[in-house]
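J.: This is the structure I want to talk about, given as structure tokens.
The values are calculated or read from the model by the stated rules, or taken from the named source; none is laboratory data. Every value quoted in this text rests on a predicted model; they were computed, and no experiment measured them. Every residue, glycine among them, receives a Cβ derived from its backbone with ideal geometry; neighbour counts consider all protein chains shown.
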Amino acid sequence: MLKGRNLIDPMDFTLEELEEIFKLAGQIIASPEEFAHVCQGKLLATLFYEPSTRTRFSFEAAMLRLGGQIIGFSEPNSSSVAKGESVADTIRTVGCYADIVAMRHPKEGAPKVAAINSPIPVINAGDGGHQHPTQTLTDLLTIKSIKGRLSNLKIGLCGDLKFGRTVHSLIKAISRYQGNKFVLIAPKELKVPEYIIKELNKNNIEYREVEKLEDVIGDLDILYMTRVQKERFFNEEDYIRLKDSYILDEAKMSIASQDMIVLHPLPRVNEIAYEVDDDPRACYFKQAKYGMYVRMALIAKLLGVR
Amino acid sequence: MLKGRNLIDPMDFTLEELEEIFKLAGQIIASPEEFAHVCQGKLLATLFYEPSTRTRFSFEAAMLRLGGQIIGFSEPNSSSVAKGESVADTIRTVGCYADIVAMRHPKEGAPKVAAINSPIPVINAGDGGHQHPTQTLTDLLTIKSIKGRLSNLKIGLCGDLKFGRTVHSLIKAISRYQGNKFVLIAPKELKVPEYIIKELNKNNIEYREVEKLEDVIGDLDILYMTRVQKERFFNEEDYIRLKDSYILDEAKMSIASQDMIVLHPLPRVNEIAYEVDDDPRACYFKQAKYGMYVRMALIAKLLGVR
Amino acid sequence: MLKGRNLIDPMDFTLEELEEIFKLAGQIIASPEEFAHVCQGKLLATLFYEPSTRTRFSFEAAMLRLGGQIIGFSEPNSSSVAKGESVADTIRTVGCYADIVAMRHPKEGAPKVAAINSPIPVINAGDGGHQHPTQTLTDLLTIKSIKGRLSNLKIGLCGDLKFGRTVHSLIKAISRYQGNKFVLIAPKELKVPEYIIKELNKNNIEYREVEKLEDVIGDLDILYMTRVQKERFFNEEDYIRLKDSYILDEAKMSIASQDMIVLHPLPRVNEIAYEVDDDPRACYFKQAKYGMYVRMALIAKLLGVR
């Protein structure tokens with residue numbers, strides 16, 4: 001039962017609860033007009049203590065397409081609640097006006113504090129470098145919808161695997177399903193943190209760590225691209241030597257399987273060449289759309305209207 | 001008849017008109033779903049020339065819960081109308097798009113200028129240190145709803161009674177009802193201004209001025225707390241000596257009557273200890289909710305839809 | 001057929017297509033309640049990379065009065081999509097959430113780039129000093145509605161005719177109709193650019209260039225006022241000598257025809273004296289209202305709901 005619950009950490013829900021959300025998302029995708037009024041009379045508050053237009057749009061479009069309405073702020077400056085008031089007091093006041101909250105905050109743990117004090121469900125829309133659980137739900141729904149399953153997949157994760165919270169959450173989330181294997185494609189400087197490797201080992205999950213995308217791309221079901229920021233490298237030479245291995249282009253796509261799909265949390269900078277966009281395997285804009293649908297399902301479930 | 005009227009000053013409405021608003025607010029509280037569409041097709045413009053998230057949310061939630069819609073800005077930077085255009089021209093243009101306006105402005109009197117030039121009703125959502133009439137309506141509705149009456153009450157006002165416009169407006173507003181007595185609890189430096197004392201005397205309204213909350217709390221029906229800012233004191237020693245008298249905690253609540261209610265316009269800083277929040281007599285979050293309901297009633301009345 | 005089209009340049013539509021939009025606008029004006037739900041379930045994204053409250057309000061009010069909904073940002077700071085992401089990627093993502101976009105951008109051509117990459121219709125809401133096509137539609141609808149025709153009119157354009165994109169677009173747009181004559185009223189420093197004069201000559205369109213409004217006002221059907229900015233003048237003396245000729249006041253109105261109408265794109269500074277506002281020939285606030293109606297018609301047409 002998801003009604004009245006919060007979503008703070010990507011692991012907050014059981015596999016059954018996730019399945020419930022994905023199932024509802026599927027129904028919404030199949031006949032959106034049936035769900036166009038299920039949140040009528042309900043209000044979502046989008047409390048964005050740091051700007052994130054993409055995520056905010058996704059939440060707001062989700063609520064509006066369910067027939068609900070929005071109040072909110074999109075950056076701290078415009079918000080007097082951001083000044084001098086505790087998150088606990090803010091959420092208790094917003095809880096007087098709204099029915100559900102999506103909170104983005106630069107401080108780790110702020111959405112958790114909000115949830116503890118809130119009379120209404122709180123969704124973590126990203127807290128610093130910590131968690132961004134609706135991105136993980138988006139990734140899972142996208143994979144499930146396009147590949148038809150969340151198990152027995154060979155998943156390549158490519159780019160900055162050290163600092164990317166998106167990738168860490170996705171590894172944990174996918175590890176809960178059977179038979180998945182990871183190919184971790186990153187320069188030495190940006191390998192996944194040790195604690196994730198330990199967990200993979202502990203749970204007997206198969207993985208490989210490699211440096212070059214072209215060496216493994218032919219073997220993947222899913223390629224999840226992330227951004228490689230120049231300033232993460234220790235020196236210029238390493239960056240220049242390695243960066244091309246982390247830019248996906250038509251040449252690399254030509255050696256990939258016809259069934260492989262390319263994902264990316266967006267925004268991209270240059271890690272996927274524009275020429276790839278028209279390839280039917282490029283699914284990162286579809287992924288953005290699934291992000292809206294999974295938020296629709298999530299909101300409807302937490303409000304208990306479906 | 002309130003249709004088409006403005007609300008600029010808390011004293012703009014007669015007692016009968018206030019009663020009309022409170023009565024409608026009561027009906028909305030009793031069956032909100034009956035009012036969920038009364039403003040369908042109507043637009044509220046929230047023109048906030050200075051940020052006030054709490055007040056803006058309250059207005060926007062009110063309009064949305066009546067089935068209306070919102071356009072607006074939440075701070076002057078994002079507003080080209082704020083630059084170089086007169087308030088008179090702005091309101092005449094906004095009057096082409098919207099059906100009613102809530103205006104917050106740092107300059108005293110700006111909402112009045114707007115109202116004079118406006119083709120649509122204007123609500124003052126706070127003009128500098130001057131007026132904030134919907135806060136006064138909120139306070140009155142809260143008291144009436146919880147205590148059952150607006151007369152024959154012993155009302156303690158505690159904290160900064162010198163600079164707080166909220167308190168000044170509330171004293172004037174409550175003075176219009178029979179048999180109310182005030183206990184004005186403030187340090188010497190922050191006593192109510194002389195003009196208010198003169199008015200109380202002129203109207204034969206009973207009041208006491210005291211320095212310490214603990215001396216009088218046992219005798220109050222209502223305790224209205226406000227913030228005491230350190231920088232208002234002439235010297236550090238006075239602040240340290242007195243500040244504890246203006247912090248409401250469990251110890252002080254234990255000597256208060258079981259029927260006393262605690263109000264606060266929010267946001268609080270530290271003048272009410274968090275331990276008080278769970279006391280059933282702590283009504284300041286309820287008050288925020290009444291603030292939304294009274295704005296719903298006000299908007300519906302000024303638009304003439306009820 | 002306008003469904004699915006973009007509006008980037010004021011000349012994008014044929015005269016027949018413009019007529020279609022004006023006809024629908026007329027129907028909306030006549031019975032707005034019939035159109036109050038035609039965009040139900042549709043989302044407009046207002047992407048304002050530079051603030052323009054007036055234009056944003058007009059678009060948002062238009063969409064809301066059609067029963068649609070809004071997502072958007074009102075300035076670049078609050079927008080993460082504004083940072084580091086290409087307009088092409090932004091529009092493809094926003095196209096996942098919304099059904100139609102209104103884009104304001106400081107860079108010439110940005111809305112065009114967006115339109116090329118967009119899965120949904122894009123409306124240019126102003127791109128730098130370049131184009132502002134919905135202002136032109138507003139001007140045309142206003143003239144047509146009040147004067148009853150878009151042909152055989154004597155149109156005075158007064159003020160800064162050199163830098164005002166509004167005026168350039170209006171001249172081009174009105175030149176497509178039969179029998180119109182222009183009186184171009186501007187100081188030497190701010191005359192219309194040579195390329196416009198050449199076009200008028202090429203198309204055998206009658207025009208006069210004069211320096212003083214009072215010399216010609218008696219002869220006009222329409223007087224379109226624009227702002228004359230002091231800093232556009234080469235020297236202070238010229239400015240002082242000429243500025244009064246570009247301020248419309250009661251004295252000048254008294255020598256104008258009783259049928260002449262005064263238009264202005266707003267905001268005004270001081271080029272129209274406040275005393276003129278009550279003259280029934282002053283139509284600049286009506287014009288703002290027509291701006292909302294023409295955007296309603298445009299949105300409905302591009303979405304194909306009417």
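This table checks each residue for (1) in the same structural domain as residue A:267 (by TED's automatic domain parsing); (2) aliphatic (A, V, I, L, M); (3) in contact with a His (Cβ under 7 Å, 6 or more places away or on another chain).
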{"site": "A:85", "(1), (2), (3)": "no, no, no"}
{"site": "A:100", "(1), (2), (3)": "no, yes, no"}
{"site": "A:146", "(1), (2), (3)": "yes, yes, no"}
{"site": "A:154", "(1), (2), (3)": "yes, no, no"}
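J.: Taking the range C:186-214 as the region of interest, how many residues are without any contact (Cβ under 8 Å) to a residue 12 or more places away in the chain and closer than 23 Å to residue C:235 by Cβ?
T.: Residues in the range C:186-214 being without any contact (Cβ under 8 Å) to a residue 12 or more places away in the chain and closer than 23 Å to residue C:235 by Cβ: 1 in total.
J.: Related question: Every residue in the range C:208-230 that is among the hydrophobic types (A, V, I, L, M, F, W, C) and in a loop (DSSP other than H, G, I, E, B), please.
T.: C:220, C:228
J.: Right, next: Among residues belonging to the range B:158-185 that are in a loop (DSSP other than H, G, I, E, B) and without any contact (Cβ under 8 Å) to a residue 40 or more places away in the chain, point out the one that is nearest to the chain's Cα centre (by Cα).
T.: B:175
J.: Does residue A:84 meet the test of being surrounded by fewer than 20 Cβ atoms within 10 Å (Cβ to Cβ), away from chain C (no Cβ under 12 Å) and at positive phi?
T.: yes
J.: Here's something else I'd like to know. If the Cβ limit is 9 Å and pairs must be 6+ apart or interchain, which residue in the range A:1-30 that is under 13 Å from residue A:302 (Cα atoms) and not assigned by TED's automatic domain parsing to the domain that holds residue A:121 pairs with which residue that is among the aromatic types (Phe, Trp, Tyr) and not in a helix (DSSP H, G or I)?
T.: Filtered contacts from the range A:1-30: A:2/A:13; A:5/A:13; A:7/A:13; A:20/A:13; A:21/A:13.
J.: Something else about it: Would you mind telling me which numbered condition in (1) surrounded by 21 or more Cβ atoms within 10 Å (Cβ to Cβ); (2) hydrophobic (A, V, I, L, M, F, W, C); (3) free of Cβ contacts under 8 Å to residues at least 40 places away in the same chain residue B:220 fails?
T.: Among (1) surrounded by 21 or more Cβ atoms within 10 Å (Cβ to Cβ); (2) hydrophobic (A, V, I, L, M, F, W, C); (3) free of Cβ contacts under 8 Å to residues at least 40 places away in the same chain, residue B:220 violates only (3).
J.: Which of the following residues is in a strand (DSSP E or B) and farther than 22 Å from residue B:269 by Cβ: B:205, B:155, B:197?
T.: Going through B:205, B:155, B:197 in turn, the sole match is B:155.
J.: Consider residue B:258 carefully, then state whether it is under 19 Å from residue B:136 (Cβ atoms) and either among the hydrophobic types (A, V, I, L, M, F, W, C) or not in a strand (DSSP E or B) (or both).
T.: So residue B:258 fails the test.
J.: Inspect all residues belonging to the range B:93-109 and state whether any of them is buried (at least 18 other Cβ atoms within 10 Å of the Cβ), of a type in the set (Ser, Thr, Tyr) and within 14 Å of chain A (Cβ to nearest Cβ).
T.: No: zero hits.
J.: Another question, then. Output the residues belonging to the range C:65-80 that are of a type in the set (Ser, Thr, Tyr), assigned to a helix (DSSP H, G or I) and within 8 Å of chain B (Cβ to nearest Cβ).
T.: C:78
J.: On the given criteria, is residue C:149 within 30 Å of residue A:29 (Cβ to Cβ) and of a type in the set (Lys, Arg)?
T.: Considered against the rule, which asks whether it is within 30 Å of residue A:29 (Cβ to Cβ) and of a type in the set (Lys, Arg), residue C:149 comes out as no.
J.: Working only within the range A:249-282, note down all residues that are without any contact (Cβ under 8 Å) to a residue 60 or more places away in the chain and of a type in the set (A, V, I, L, M).
T.: A:251, A:253, A:255, A:256, A:260, A:262, A:269, A:272, A:273, A:276, A:282
J.: Limited to the range B:240-255, what total is found for residues that are under 23 Å from residue B:229 (Cβ atoms), β-branched (Val, Ile, Thr) and not in a helix (DSSP H, G or I)?
T.: Residues that pass the stated criteria total 1.
J.: Any idea which residue in the range C:29-64 is farthest from the other protein chains (Cβ to nearest Cβ), counting only those that are of a type outside the set (Asp, Glu), in a helix (DSSP H, G or I) and surrounded by fewer than 24 Cβ atoms within 10 Å (Cβ to Cβ)?
T.: Filtering the range C:29-64 for residues that are of a type outside the set (Asp, Glu), in a helix (DSSP H, G or I) and surrounded by fewer than 24 Cβ atoms within 10 Å (Cβ to Cβ), the one farthest from the other protein chains (Cβ to nearest Cβ) comes out as C:30.
J.: Being β-branched (Val, Ile, Thr) and closer than 22 Å to residue C:7 by Cβ narrows it down to one of C:185, C:196, C:205, C:222, so name that one.
T.: C:196
J.: Check off (1) in a helix (DSSP H, G or I); (2) of a type in the set (D, E, K, R); (3) within 14 Å of another protein chain (Cβ to nearest Cβ) for residue C:278 and give me the number that stays unchecked.
T.: With (1) in a helix (DSSP H, G or I); (2) of a type in the set (D, E, K, R); (3) within 14 Å of another protein chain (Cβ to nearest Cβ) applied to residue C:278, the lone miss is (1).
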